[in-house]
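Here's the structure we're looking at; comments come further down.
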Amino acid sequence: MLQGKIEMKSINISIDVEPDLYGGKFEGITKGLDKFIGILNKYNIKATLFVTAEILDKYPKIFQNLKKQGYEIGLHGYKHERFDELDLKEKKELLKKSVKIYKNVLKENPKGFRAPQHSIDNETLTLLEDYNFKYDSSTIPWNFHHIFLPQIKIKFDYNFKKMKIHKMNNLYEIPITSFILPFSALTIRFLPFFIFKIYIRFVNLFKNKIFFMHSWDFIKLKKSRLYNRCPLKEFLKRFDYMLNYFNKNNEFKTIESMCLYD
Ligand SMILES: [Zn+2]
């Protein structure tokens, strides 16, 4: 039994909780999160939520309850601004304001950060250390999804070493798992189902895996071509299939517990 546990692979399900993709409303929070939690509860999974400070401020009870249930809550910027487009002063101000809201709502220091649209840079990493964050989970090495979605500016990184959890000074970098396509809701929707099944079997070769999705993946977004390729009902079915698959051969962890035990 103990032997099995030591060799067990692990996976984290993370969700970026932010304004809806089109129109900037909050249906992903008011309607989407319940669907997300409902599926996770079926497998008794505690996920990691990266929430914008604005949403934490607007819906404190939702996140206080999730924290009580054992979910991990990190920050995802203030209003979902790209950090690499801000100057140092703006970055400082936004982080200060966001950390203050986080502490007010959740009564502790935030430990994890994911930059909106993966827009992490060295200045922001240094500031995260100043604010005593424990980890950043913004990078997606070996990812080519901007070829299909050029509007999302993501830095290329071909360094194999950066695919693993690594430490930079006092901060851990927890890269989102990726190979050609990111291990994400986008890929669930983009690939034909039978190829997706092969993709997750390949991804399972990684010891620690970080999967990511968005609050608006759980609502209807009819303007999106990707949504129309795989509407909500089909998406929920595929997400459930994936959790069922990993539930057989992986331990589901929060990111913080992956940092501790890696
Ligand atoms: Zn985001």
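Laboratory data are not the source of any read-out in this text; all were calculated from the coordinates shown. Worth saying up front: this structure is predicted, and the values here are computed from it rather than measured. No Cβ is skipped: glycine too gets one built from the backbone with ideal geometry, and neighbour counts run over all protein chains shown.
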**Request:** Take the Cα coordinates of the chain, assign each an equal point scatterer, and use the Debye formula without solvent to give log10 I(q)/I(0) at q = 0.12, 0.17 Å⁻¹.
**Result:** -0.68, -1.53
**Fill in**
Over the chain, the sum of -39500 (n - 2.57) across DSSP H runs of at least four, divided by residue number and rounded to 500 deg cm²/dmol, gives at 222 nm -11500 deg cm²/dmol
**Asked** In the Gaussian network model of the chain, springs joining C-alpha atoms below 10 Å, which of Ile210, Ile198, Ile165 carries the largest mean-square fluctuation?
**Response** Ile198
**Request:** Could you work out the relative contact order of region 2-261, using alpha carbon pairs under 8 angstrom and six or more residues apart, expressed as a whole percent?
**Result:** 27 percent
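What chymotrypsin sites (Phe, Trp or Tyr not before Pro) in region 211-257 are in a loop by DSSP, with at most 14 other Cβ atoms within 10 Å of the Cβ?
Here no chymotrypsin sites (Phe, Trp or Tyr not before Pro) fit, given the DSSP loop and packing criteria.
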**Amide H contacts under 5 Å for Asp16, placed H, 5+ residues apart** = Phe50, Met213, His214, Ser215
